[in-house]
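**Q** Sharing a structure, written as structure tokens. Questions coming.
Derivation of every value follows stated rules applied to the coordinates shown; laboratory data play no part. What you see is a predicted model, and the numbers here were worked out from it, not measured in a lab. So basically every Cβ, Gly included, is an ideal-geometry build from the backbone, and we count neighbours across all protein chains shown.
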Amino acid sequence: MADLLSRGTDPLSFSGVTSKSRLLARYWRDRVGIHGGAAEACLRQVVARMVRDHALRVPRSMLDTAAAAAADLIERDGVLVRPNGDRYIAFRHHILFDFAASRLYLDPFDLGHSVTALSSQEGAALGLAQALGFALDEAWEQGGEGRSAFWRVAGTPMESAETDPIATMVAARLGSELPQTRTDIAGLLELLGGADEREVGRRIVRHLLGALAVRAEDNPPLIVEPWTALATGLAERLGSADMTLGGALLLLMHVLIERLDAPGADPRALGEAARRLLDASLDFGADKHVPLGIEYVTRLFATDPPASRTTLSRLLQPERLATHAADDMHRLARGAAEIETADPAFLTDIYRVIFNYRVTNQSSVPLGSSQILALTTNPRQNYEMAHYGLKEHFPAFLAGHPKHAVDALGHRLIKRIQIRADASLTSAR
């Protein structure tokens with residue numbers, strides 16, 4: 001920008017420049033575009049040779065007469081320089097090489113060919129990572145409604161295991177950074193809707209959410225509106241034929257549930273997504289998703305208490321208890337505080353069910369997979385952790401909702417709570 005201003009460019013003309021890509025596009029127009037097609041043809045030769053040689057300078061002798069004349073014009077405008085005498089030419093700054101490569105070597109709307117070429121040349125994707133980013137920025141700017149064109153283009157590096165990992169990483173990172181509104185995600189959800197594109201869409205989502213999770217670990221300001229829309233879209237697509245999206249939704253919920261107070265957050269939509277996930281997991285036997293599903297539904301219980309109660313009540317049914325009580329109940333008990341706040345009567349039911357049901361199986365179950373310190377547990381011990389959790393919460397329950405707390409105990413449960421909680425502590429020691 002300083003270079004453009006120093007040469008008389010009107011400062012007001014930068015009012016629409018909102019990104020590095022737009023600023024470079026303006027610089028390109030004023031320093032390269034004014035010289036016509038000959039200048040771009042010259043730079044296309046220069047960039048192609050640099051990529052081939054893995055170098056940021058090329059011999060001036062490689063240029064034909066027309067290209068050499070164009071190079072002189074571009075050099076006078078400060079785009080090219082001659083390092084180490086007159087034998088070589090190079091871009092004035094490496095970022096100009098990156099931007100030139102994005103315009104002259106990569107086609108943002110036909111990245112399939114470019115990515116294949118990058119993957120076949122060792123180190124090419126690493127050298128052109130920034131250029132790929134600029135190309136994807138251009139695709140974003142021209143992506144149209146729902147950014148459909150961008151998601152199809154950005155998905156190209158992510159859809160094949162043969163793609164250079166650097167190209168995949170760049171596409172996933174930009175895909176996690178650029179969305180600002182819920183409509184920016186619409187094109188991605190379209191990919192998950194078509195039968196021919198669904199598998200491609202799944203792979204894109206997995207890479208995209210991996211990049212988003214990495215960003216979230218650094219705790220930067222995160223615009224949550226588009227990702228809440230994605231969570232809703234993923235939840236709506238869960239079913240008997242497509243529970244593979246369940247893991248992706250859990251990862252996304254992990255990011256969003258810690259940002260319920262962020263601008264644009266929609267806890268009610270997240271609560272619905274969590275309930276859909278747990279219901280689908282129970283319906284279609286995706287037991288690996290149930291533990292976190294219980295956690296997220298209980299944490300978001302207050303967003304819709306009747307619906308949350310309906311979903312969690314499924315865990316208390318006799319047929320579910322018979323096979324999964326040891327796995328489900330201690331996780332449900334961890335949500336006692338959230339459930340009590342919104343629906344103390346339901347917490348009363350949970351107390352009654354958990355303290356009137358018994359798990360006697362004491363067969364050893366591995367606790368983790370460590371080869372150094374192999375720990376074990378058993379179903380009875382896991383279940384009695386639910387007793388312990390509810391016992392620990394009971395004083396708060398009694399203080400906040402005394403009638404419901406007394407109803408939960410009934411006429412015989414006070415002693416049973418103490419006995420079972422003490423036995424749980426003894427066995428845990």
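**Q** From largest to smallest, what semi-axes in whole angstrom does the chain give when each is the square root of 5 times an eigenvalue of its alpha carbon gyration tensor?
**A** Numbers: eigenvalues 721, 94, 66 Å².
Values for the chain, descending: 60, 22, 18 Å.
**Q** With a cut-off of 8 Å between alpha carbons and a minimum separation of six or more residues, what is the relative contact order of segment 261-373 in percent? Numbers along the way, then the final one.
**A** Numbers: 84 pairs, mean separation 25.8, N = 113.
This gives 23 percent for segment 261-373.
**Q** Could you tally the net charge around residue 119, taking each other residue with its Cβ under 13 Å from the Cβ of residue 119, Lys/Arg +1 and Asp/Glu -1? Display every interim value, and only then the final one.
**A** Numbers: positive: none; negative: 122, 159, 162, 164.
Once positives and negatives cancel, what remains is -4.
**Q** Figure the gain on full extension for residue 198 and residue 116 (residue separation times 0.36 nm, minus the Cα-Cα span) and round it to one decimal in nm. Could the numbers behind the result be given before it?
**A** Values: separation 82, 0.36 × 82 = 29.52 nm, distance 2.18 nm.
Contour length minus the Cα-Cα distance gives 27.3 nm.
**Q** Continuing with the same structure: At 0.36 nm per residue, and after removing the present C-alpha to C-alpha distance, how many nm does the segment from residue 86 to residue 66 gain when stretched out fully?
**A** Values: separation 20, 0.36 × 20 = 7.20 nm, distance 1.76 nm.
Value of the extension gain: 5.4 nm.
**Q** I need 232, 168 ordered by Cβ neighbour count within 10 Å, fewest first.
**A** On the way: 232 20, 168 23.
Going from least to most buried by this count: 232, 168.
**Q** Please compute the modelled spin-label separation between residue 55 and residue 126, points set 7 Å along Cα→Cβ, answer in nm with one decimal.
**A** 1.9 nm
**Q** What order do you get for 364-373, 259-268 when each peptide is scored by the mean count of other beta carbon atoms within 10 Å, highest first?
**A** On the way: 364-373: 8.6, 259-268: 14.7.
Going by the mean number of other Cβ atoms within 10 Å, highest first, we get 259-268, 364-373.
**Q** Same structure, new question: Please compute the contact order of segment 107-220 in relative form: average sequence separation of alpha-carbon pairs under 8 Å and at least six residues apart, divided by the residue count, as a percent.
**A** On the way: 130 pairs, mean separation 30.1, N = 114.
RCO, segment 107-220: 26 percent.
**Q** Can you tell me the order of 90-97, 221-228, 327-334 when each peptide is scored by its average per-residue count of other Cβ atoms within 10 angstrom, highest first? Don't skip to the answer; put the middle values down first.
**A** On the way: 90-97: 17.5, 221-228: 19.5, 327-334: 21.9.
The peptides rank, most packed first, as 327-334, 221-228, 90-97.
**Q** Let me check against my output: what whole-number percent is the relative contact order of the chain, with C-alpha pairs under 8 Å and at least 6 apart? Write out the running numbers ahead of the final one.
**A** Working: 543 pairs, mean separation 31.9, N = 429.
Reported relative contact order: 7 percent.
**Q** Could you calculate, for segment 76-126, the ratio of the Cα radius of gyration to the Kirkwood radius, expressed as Rg to Rh?
**A** That ratio is 1.09, to two decimals.
**Q** How far, in degrees from 0 to 90, does helix 379-400 lean away from the longest principal axis of the Cα atoms of the chain, to the nearest 10?
**A** Between the helix axis and the principal axis of the chain, the angle is about 80 degrees.
**Q** Two decimals, Cα atoms only, Kirkwood Rh: what is Rg/Rh over segment 199-285?
**A** Details: Rg = 12.6 Å, Rh = 13.1 Å.
That ratio is 0.96, to two decimals.
**Q** Still on this structure, please answer the following. Which GluC sites (Glu not before Pro) does segment 131-166 hold that lie in a coil by DSSP with at most 14 other beta carbons within 10 Å?
**A** On the way: sites: 138, 141, 145, 159, 162; in loops: 159, 162.
Taking segment 131-166 and a limit of 14 other Cβ atoms within 10 Å, the loop GluC sites (Glu not before Pro) found are 162.
**Q** Now a separate question. By how many nm would the segment from residue 407 to residue 94 grow when fully extended, if each residue of separation counts as 0.36 nm and the alpha-carbon distance is taken off? Mind dumping the intermediate values first?
**A** Working: separation 313, 0.36 × 313 = 112.68 nm, distance 7.26 nm.
Taking 0.36 nm per residue and subtracting the Cα distance, the gain is 105.4 nm.
**Q** While we're here: Please report, to two decimal places, log10 I(q)/I(0) for segment 107-220 at q = 0.13, 0.19 Å⁻¹ as given by the Debye formula with identical point scatterers on the Cα atoms and no solvent.
**A** Treating every Cα as an identical point scatterer, log10 I(q)/I(0) equals -0.44, -0.97.
**Q** Next question, about the same structure. May I ask you to work out the translational diffusion coefficient for segment 26-131 at 10 °C, viscosity 1.306 mPa s, via Stokes-Einstein with Rh from the Kirkwood sum over Cα pairs, reported in whole µm²/s?
**A** Working: Rh = 14.0 Å.
This corresponds to a translational diffusion coefficient of 113 µm²/s.
**Q** For a paramagnetic label modelled at 7 Å from the Cα of residue 287 toward its Cβ, which residues of segment 321-351 fall within the zone defined by backbone nitrogen distances under 17 Å?
**A** What the label zone holds, given the 17 Å backbone N cut-off, is 321-332.
**Q** Also, I was wondering about something else. With everything on Cα atoms, drop me the angle between helix 165-177 and the longest principal axis of the chain, reported from 0 to 90° to the nearest 10.
**A** 70 degrees
**Q** Once the other residues with Cβ under 14 Å from the Cβ of residue 109 are scored (Lys, Arg +1; Asp, Glu -1), what is the net sum?
**A** Details: positive: 103, 147, 152; negative: 107, 110, 137, 138, 141.
It works out to a net charge of -2.
**Q** Kirkwood Rh and Cα-based Rg: tell me the resulting Rg over Rh for segment 239-286, rounded to two decimals.
**A** On the way: Rg = 11.7 Å, Rh = 11.4 Å.
That ratio equals 1.03.
**Q** Given H placed 1.01 Å from N in the peptide plane, which residues other than close sequence neighbours of residue 80 have an amide H under 5 Å from its amide H?
**A** So residue 80 has HN proximity to 75, 92.
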